[in-house]
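Working notes, structure below.
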Amino acid sequence: MPAFKELVFSGVQPTGNLHLGNYLGAIKRFVAMQAQFDCLYCVVDLHAITVWQDPAELTRQIREVTAAFLAAGIDPARSVVFNQSQVPQHAELAWIFNCVARLGWLNRMTQFKEKAGKDRENASIGLYDYPVLMAADILAYRATHVPVGEDQKQHLELTRDIAQKFNNDFAGAIQQQGHGEAFFPITEPLIGGPAARVMSLRDGTKKMSKSDPSDYSRINLTDDSDGIATKVRKAKTDAEPLPSETAGLEKRPEADNLVGIFAALNDVSREDVLREYGGAQFSAFKGALVDLAVAKLGPIGAEMKRLVADPGHIDAVLADGAARAEAIAAPNIAAVKDIVGFVRRR
Ligand code: AQP
């Protein structure tokens, strides 16, 4: 595989209620990646409409996710911050990839099965095709690394399969047109840390999720300190004190989740947390977790509120980001069209 320039791409859907899972599994890690990589961070609004969205709410949420990116510490002068629908190459490449991806591959996607549920016949075609658009998002930039939560692992594997198949199907043209052995990189998922999968505060076996009907299942980035405190105090736990070693968290999903959240918020490991709190009762540990969560999330929520009050500024950030994103994607997609054999407009 030839060397590709290292580039990070990731996205967040503007579908409401950005929560601690989105923050710890994704956004906080986006911020850290800026020190090491060139990064593109996208508000994936084309993905959002795979499920019906109220138009005015969608507009509001696109700006709110952008505000969360900025408030958390993504620097729009350094990283490219934009919304997907402003860069037409995402949808264009998705169509070409629709003709590369196989039905059998998509039929295995568990997220579609979970989201479509029993009403599968009534799900949008976009929801089924979601992972192909995600492959296009990443590969339009030939991104080499994608930080995501664990729930996206299977979709990243599909992205790798699509890149591999495109490289194989068009190997002759790719070589002839001077791109070497492969046009697309085989992107690395960056999944990890103590909060790769943050679980519901009401049920430690279920992912913390925007669409959970109970607001007590998640901490939203916009929750105030009282809200955070109430949710942490009400979080489900078991009757035992915290163990001193991580082995003692096995089969205790709620304890494991709270310890993982504490570790990720404080940039330490689960082992470090248990060294300090092993033997403690949940009442004491939850008190410390409330203080930590309020200290870390409070300023982000306040900054988000300040930023969304100035939509003109947010729209300017998005417009600048879209122009910079398109400057990378447009030549890549032009090359893809040449590889496929389309005739360019002269
Ligand atoms: N619970 C989670 N733990 C860790 N990471 C998570 N992510 C989402 N939930 C968790 C990561 O957040 C990023 C953006 O996710 P998204 O915009 O695709 O949202 P989503 O996965 O659809 O979020 P939800 O809450 O799971 O929404 P619903 O309820 O609609 O299913 C991704 O990197 C994701 O891995």
Item to complete: Considering each of E114, E121, E92 in turn, give the residue that is within 25 Å of L221 (Cβ to Cβ) and out of contact with any Gly (no Cβ under 8 Å at 6 or more places or on another chain).
Response: E114
Discussion item. Just to be sure I understand the filter: pairs with C-beta atoms under 6 Å, separated by 6 or more residues or on different chains, first member in segment 4-19 and within 20 Å of L190 (Cβ to Cβ), second member assigned to a loop (DSSP other than H, G, I, E, B) and among the small types (G, A, S). Which pairs pass?
Written reply: L7/A143; F9/A143
Worksheet item: Here are some residues: K28, K5. Which one is within 14 Å of the ligand (Cβ to nearest atom) and of a type in the set (K, R)?
Response: K28
Worksheet entry | Every pair of residues 6+ apart whose Cβ atoms lie under 6 Å, when the first sits in segment 91-120 and is within 24 Å of N332 (Cβ to Cβ) while the second is away from the ligand (no atom under 16 Å from the Cβ) | E92/I333; L93/A140; L93/I333; F97/I162; V100/I162; V100/K165; V100/F166; A101/I162
Worksheet item: Residues in segment 10-24: is at least one assigned to a loop (DSSP other than H, G, I, E, B) and either over 15 Å from the mean Cα position of the chain (by Cα) or among the β-branched types (V, I, T) (or both)?
Response: yes
Worksheet item: Is it fair to say L127 is of a type in the set (A, V, I, L, M, F, W, C), within 16 Å of the ligand (Cβ to nearest atom), out of contact with any helix residue (DSSP H, G or I) (no Cβ under 7 Å at 6 or more places or on another chain) and closer than 24 Å to G104 by Cβ?
Response: no
Item to complete: Take N17 and decide whether it is touching a helix residue (DSSP H, G or I) at 6+ places or on another chain (Cβ under 9 Å) and open to solvent by 30 Å² or more (accessible area, probe 1.4 Å).
Response: yes
Worksheet, complete the sentence: For segment 285-302, pairs from a residue that is assigned to a helix (DSSP H, G or I) and of a type in the set (K, R) to a residue that is at pLDDT below 95 and open to solvent by 10 Å² or more (accessible area, probe 1.4 Å), with Cβ under 9 Å and 6 or more apart or across chains, are none
Worksheet item: Quick one: would you say A91 is over 16 Å from the mean Cα position of the chain (by Cα) and not in a helix (DSSP H, G or I)?
Response: no
Worksheet item: So which of V259, V273 is within 15 Å of the ligand (Cβ to nearest atom) and β-branched (V, I, T)?
Response: V259
Worksheet item: From the set of residues in segment 298-342 that are closer than 26 Å to N17 by Cβ and charged (D, E, K, R), which is most open to solvent (accessible area, probe 1.4 Å)?
Response: R306
Worksheet item: Yes or no: A255 of a type in the set (A, V, I, L, M, F, W, C), closer than 24 Å to E271 by Cα, open to solvent by 50 Å² or more (accessible area, probe 1.4 Å) and at pLDDT 95 or above?
Response: no
Worksheet item: If we keep just the residues of segment 20-56 that are of a type in the set (D, E, K, R) and in contact (Cβ under 8 Å) with a residue 12 or more places away in the chain, which is least open to solvent (accessible area, probe 1.4 Å)?
Response: D45
Practice prompt. Kindly check whether there is at least one residue in segment 111-126 that is surrounded by 14 or more Cβ atoms within 10 Å (Cβ to Cβ) and under 24 Å from N167 (Cα atoms).
Written response: no
Worksheet item: Which numbered condition trips up T159, out of (1) closer than 30 Å to A264 by Cβ; (2) in contact (Cβ under 8 Å) with a residue 60 or more places away in the chain; (3) touching a helix residue (DSSP H, G or I) at 6+ places or on another chain (Cβ under 6 Å)?
Response: (2)
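The values are calculated or read from the model by the stated rules, or taken from the named source; none is laboratory data. Keep in mind that this is a model prediction, so the values were computed, not measured. Methodologically, a virtual Cβ is constructed for each residue, glycine included, from the backbone with ideal geometry; neighbour enumeration extends over all protein chains shown. Areas reflect the complete protein model, heavy atoms only, side chains present, ligands, DNA and RNA absent. Shrake-Rupley method; radii C 1.70, N 1.55, O 1.52, S 1.80 Å.
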